[in-house]
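Notes for the one structure printed next.
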Amino acid sequence: MKKERMAPFLKDGRGMLLAYDQGLEHGPSTDFDERNVDPAFVMGVASKCGFNGVVFQKGVAERFYDGSVPLIIKLNGKTALPKGEPISRQVCSVEHAASLGAKGVGYTIYLGSSMEAEMLAEFGRIQEEAHDRDLAAIAWVYPRGSAVQNDSSKEIVAYAARLALELGADAAKIKYTGDSESFSWAVKAAAGVKVFMSGGPKAATDEGFLDQVRGVIRAGGTGVAVGRNIWQNDDPAAMSERLKRVVFGT
Amino acid sequence: MKKERMAPFLKDGRGMLLAYDQGLEHGPSTDFDERNVDPAFVMGVASKCGFNGVVFQKGVAERFYDGSVPLIIKLNGKTALPKGEPISRQVCSVEHAASLGAKGVGYTIYLGSSMEAEMLAEFGRIQEEAHDRDLAAIAWVYPRGSAVQNDSSKEIVAYAARLALELGADAAKIKYTGDSESFSWAVKAAAGVKVFMSGGPKAATDEGFLDQVRGVIRAGGTGVAVGRNIWQNDDPAAMSERLKRVVFGT
Amino acid sequence: MKKERMAPFLKDGRGMLLAYDQGLEHGPSTDFDERNVDPAFVMGVASKCGFNGVVFQKGVAERFYDGSVPLIIKLNGKTALPKGEPISRQVCSVEHAASLGAKGVGYTIYLGSSMEAEMLAEFGRIQEEAHDRDLAAIAWVYPRGSAVQNDSSKEIVAYAARLALELGADAAKIKYTGDSESFSWAVKAAAGVKVFMSGGPKAATDEGFLDQVRGVIRAGGTGVAVGRNIWQNDDPAAMSERLKRVVFGT
Amino acid sequence: MKKERMAPFLKDGRGMLLAYDQGLEHGPSTDFDERNVDPAFVMGVASKCGFNGVVFQKGVAERFYDGSVPLIIKLNGKTALPKGEPISRQVCSVEHAASLGAKGVGYTIYLGSSMEAEMLAEFGRIQEEAHDRDLAAIAWVYPRGSAVQNDSSKEIVAYAARLALELGADAAKIKYTGDSESFSWAVKAAAGVKVFMSGGPKAATDEGFLDQVRGVIRAGGTGVAVGRNIWQNDDPAAMSERLKRVVFGT
Amino acid sequence: MKKERMAPFLKDGRGMLLAYDQGLEHGPSTDFDERNVDPAFVMGVASKCGFNGVVFQKGVAERFYDGSVPLIIKLNGKTALPKGEPISRQVCSVEHAASLGAKGVGYTIYLGSSMEAEMLAEFGRIQEEAHDRDLAAIAWVYPRGSAVQNDSSKEIVAYAARLALELGADAAKIKYTGDSESFSWAVKAAAGVKVFMSGGPKAATDEGFLDQVRGVIRAGGTGVAVGRNIWQNDDPAAMSERLKRVVFGT
């Protein structure tokens, strides 16, 4: 039986993670306002609203991580600016992530990119190094690039989940397919890898977002890695509470 | 005399290997159904149906390998999505494969790809490292790319087999040429390297597939590395039994 | 709380740095005259006019740095000649910079370049190595390349500042947005990373330049990294004195 | 005086080497028949017919080298399939070649290829490593690529020979220019590097081939590295005997 | 004060170096005749005619360097054949150069090439490694590539000289601008880096060449690195004597 390295991020086998790497991936002007541009605010939300983990780039963790919630360091990243086939490379070592107190590391693979091979190889090395240090290796698997028509079809989302399994990830962060039944195929393809839905942009309504999470849980998913739907919300605490009830079924 | 590192995978000089890396190479929706999407099912088939080896990516082995059958870890892999010249890079170290209990490692070389040089060089390093650890180094040699017209002609299949010999592989996994006589040229070109036919997509009829294997054995081949023709079969046990009779001539 | 590695370059939390890497970046004929082509002249200005730090490439530091002012070694650099997407790679090791007495290292990232990934990865390694040696890691973040329309908009300057934060820089050197209010958004995005305005080409009038610096300070910026507006000035000492009054508010 | 690392391959300062890497470079179907596809046959020819050295890729050496003739391991190789500028990369380490009993290593440089820089750099490293282990470093220098009009002109063959000298090779394997006088310019350009003619495809007549070798010897060349003109010959022993008389002038 | 690592190559602060890497850079048929194709001839010229240093690739040094004149090993090199943006990569290690008795190492940077970044980075590493071993690091800086219109304008020659300074070279080998006054700007830009004129092709008249050297010396240059104008001369000894009088003003 594979060791459950996701244990620090789970409660009764479920989990909700607060993601906050959008400052790098999208830029502050796209996603942030005066309140949530401040990492301290988001650290506070993670801490007070019952999240099971928080996701930072190393720079944010070095300044704002307070130890109150298990930490995942994103090891790679890119900005939204360059055109062409997406490539995101390692900007933080596993050793450094561990020194910051991380219990897990995250890495984005752009499934279908013509630069895919570089990311598969880099994640392959990271997975081994992370496990040597007893850290969870979490794969953000996002279908993207000119070869990808639809990044949330049943088929491609299941492919993303399976990729995480094949490469030895402990968890996969993938998009929602739109309905629980099709998403359950991704969960099956993951074959034991913990499946977290990627929260994505703020949904039109809170209820709409929670419905997606319900679909994930019904499909056998582990939970959600959410950012904008929490820290862009007028009342992150209330929204977190509602989310918690969906994820943990309490 | 070169050490026979394929011994763990052979019985009386022949062998049949169960391959299950299609989740990465083709995606789960292309090849899998509700039954065989589960690696435990395939591990069971390998174990109960007399296979001499099973081929997994590291992530599947970490979660599902049970030690009942000798293990081959595929060290590289790619998805089916990117267009252009094929390149597949190392995603698992030889050291890690050994730590999982593997007795052999597999690596795909896309013969004829404009990225060929990278794969030849990487396999060259892997071969030495594998032998240092007493693991068999098995070359999957697939002609592919814009320079390749016909990937199963007598000439190119023999080239694939010879490539495996020249680079020091212990075994080659190559396509069938369509008839035993032409395939025997590939076996001669391999000059002692164990030659396994690549099973390929599920054949129109079971008998058609077995005829191919008969041709391989008649040509002096060692056996077959088969996946879909077993675990997509309604009765993998019966099909494995029929295959065994062909391979081992019992 | 993150260690303040910029302390050697600050007085009461503010600082003014004298930059002199234009010989590499622009060429001597673009920016220099008979006086300031001589690094000894610029070292003298840094020393006598109250600068908190001086920025050199290693070659200049090896010959002209006199220890009178804290030293920042630029670790990468390019010339102005090659066309196409900008890439600047490491030409000096962190270890060598430390051996020259540097208290900080600088690295330029061309935000938006199609070669961005290489620079992010390289800065990521440098940041860790610099901190291991207790040196400040300072990111010059310049939006550039075919994907960049406007390199001084509020949005992109804030993105530059945020990039420095996410990657763990101690300070960011960024362009001015044109007004204090919009620049304050960059300072917020930097979330504690020290923000230095990049001086840029010699302004039409000294007062015009000082107005920019006033805007930076008003926005919460730390100060300015200035070159041409000082050492191209007819009276560097007088101009430095005026600048000092703006930066330190004395 | 430079150490003569070619000594194991020379008799009275001359030598004839049997080359057998065509299985990788051209494919078995281009150059081999039922007899010479078998490396044991070629090893036998090398052994019984008085060759001063035999050239194998590592895989062939591992299985068929019998120690009866000094061994050269080709360290790089490519297949004939990919189009575009030629690149051949290292597939065997110097250390591994030494462990197989090699007294020399070979490496192909495609002079004029747009990928030339990679091969020059790789050979540069190999030369030093080989000499550290007291192995001869032999450069196969073949003009090829879109910049090359004529690969056997006096000028370009001399360039190939000179390249081997400049990079510190112990011997060069180069094409014949067509006549002894022009070839002597290449020998002069090599300035002491042992010059071996590359045998090339089987000549129209045996005598025609031997005439080329006579020209090489008359020009001051060291000998020939021959493959197809021997092991494609109906009577390799007789042909080798004739060749020996030409090379050694006995 | 920076250590003067060029001391072995200087007399009263001036020097003349004999360069002989044209066999690699241009090919033997472009620059050599029956006499000077022989490195022993050129070694003799260096030795008997009072040169302060001789420049060889490692292969030539290994066979012909006799220790009578201080040695500079060129660490990179390319042939004249490939089209496109120029790139020259390291083919000899600093360690190996030192083992051959070199007191300095040379490296060519093609200023303005789109591959410039690779050469800047490689020279950056070499400079540090050379200094660690107390060898002079000499930059051959040649403007070249599609971005370069005129490789001997005052502006670009000064840029080349400055590049050598910024990267920490001990000496720069650059083209002549055509007149002493404009060349003096390059000498100023070099700010203490020893400036050697690159001899270039054999001048129309000896006096014409010596006039260029006079211009260099008058401009404050250190001397000349000359090849063809000496060893293509009918009387190298006489020409060297005339050159010596110009360089050393005796």
Problem set entry | Inter-chain Cβ neighbour average for residues B:166-175, partner chain, 10 Å | 4
Exercise. For chain E, what's the relative contact order in percent, using C-alpha pairs closer than 8 Å and at least 6 residues apart?
Worked result: 18
Seminar exercise, completed: One would report the antiparallel percent of DSSP beta bridges in the protein assembly as shown, rounded to the nearest 5, as 10
Problem set entry | Other copies of residue D:95: label-to-label distances in nm, shortest first, labels 7 Å along the beta-carbon direction | 1.3, 1.3, 2.1, 2.1
For this session: Measure off, as a whole percent, the carbon and sulfur share of the 1.4 Å-probe accessible area of region B:1-47, all protein chains present.
Result: 50
Exercise. Using r as the Cβ-Cβ distance of residue B:30 and residue A:204, and R0 as 25 Å, what FRET efficiency do you calculate, to the nearest 0.05?
Worked result: 0.15
Problem set entry | Å² per residue, accessible surface of the protein assembly as shown at 1.4 Å | 32
Exercise. Taking each residue of D:150-158 in turn, how many C-beta atoms of other protein chains fall within 10 Å of its C-beta, and what is the average?
Worked result: 2
Exercise. Could you work out the helix-only [θ] at 222 nm for chain D, with each DSSP H run of four or more residues adding -39,500 (n - 2.57) and the total divided by the number of residues, to the nearest 500 deg cm²/dmol?
Worked result: -11500 deg cm²/dmol
Problem set entry | Protection-proxy order for peptides B:87-93, A:197-203, C:40-46, each taking the mean of Cβ atoms within 10 Å per residue, highest first | B:87-93, C:40-46, A:197-203
For this session: Compute the semi-axes of the equivalent ellipsoid of region D:133-250, taking the square root of 5 times each eigenvalue of the Cα gyration tensor, and list them largest first in whole Å.
Result: 23, 16, 14
Problem set entry | Charge-dipole axis of region E:165-250 as Lys and Arg at +1 and Asp and Glu at -1 on Cβ define it, positive-most pick from E:198, E:225, E:165 | E:165
Exercise. Residues of E:184-190, mean number of Cβ from any other protein chain within 10 Å of their own Cβ, rounded to a whole number?
Worked result: 3
Problem set entry | Interface C:A - total buried accessible surface [probe 1.4 Å, Å², rounded to 100] | 2800
Exercise. For region A:13-158, what value does the Rg/Rh ratio take when both radii are computed over Cα atoms and Rh is the Kirkwood radius, given to two decimals?
Worked result: 0.97
Exercise. In region D:17-65, what residues drop by 40 Å² or more in accessible surface going from the chain by itself to the full protein assembly, probe 1.4 Å?
Worked result: D:24, D:28, D:29, D:34, D:37, D:58, D:62, D:63
For this session: Could you work out the Rg to Rh ratio of the protein assembly as shown, with Rh taken as the Kirkwood radius (inverse of the mean 1/r over all Cα pairs)?
Result: 1.00
Problem set entry | Shortest-first nm distances, residue E:125 label point to equivalent points in other copies (7 Å, Cα→Cβ) | 0.8, 0.8, 1.4, 1.4
For this session: Inverting the mean 1/r over all pairs of different Cα atoms, compute the Kirkwood radius of region A:173-216 and quote it in Å.
Result: 10.8
Seminar exercise, completed: With all protein chains present, region E:141-212 has a carbon and sulfur share of its accessible area (1.4 Å probe) in percent of 45
Exercise. Chain E: which residue's Cβ hugs the E-to-A rotation axis most tightly, distance rounded to whole Å?
Worked result: E:118, 9
Problem set entry | Over chain A: Rg over Rh, Cα atoms, Kirkwood Rh | 0.92
For this session: Using only alpha carbon pairs under 8 Å that are at least six residues apart, calculate the relative contact order of region B:59-193 and give it in whole percent.
Result: 20
For this session: For every other residue with a beta carbon closer than 12 angstrom to the beta carbon of residue D:190, add +1 if it is Lys or Arg and -1 if Asp or Glu, then tell me the sum.
Result: +2
Problem set entry | Exam field: residue E:40 pseudo-label spacings to other copies (7 Å along Cα-Cβ), nanometres | 4.9, 5.0, 8.0, 8.0
Exercise. Which entries in B:11/B:188; B:48/B:103; C:11/C:202; D:83/D:188; B:2/D:194 show an alpha-carbon gap greater than 23 Å?
Worked result: C:11/C:202; D:83/D:188; B:2/D:194
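The values are calculated or read from the model by the stated rules, or taken from the named source; none is laboratory data. Bear in mind that the values here come from a model prediction, so they are computed numbers and not experimental data. Cβ coordinates were reconstructed from backbone atoms using ideal geometry, including for glycine residues, and neighbour counts include every protein chain displayed. Accessible surface is based on the protein model in full, side chains and every heavy atom, while ligands, DNA and RNA are left aside. Shrake-Rupley method; radii C 1.70, N 1.55, O 1.52, S 1.80 Å.
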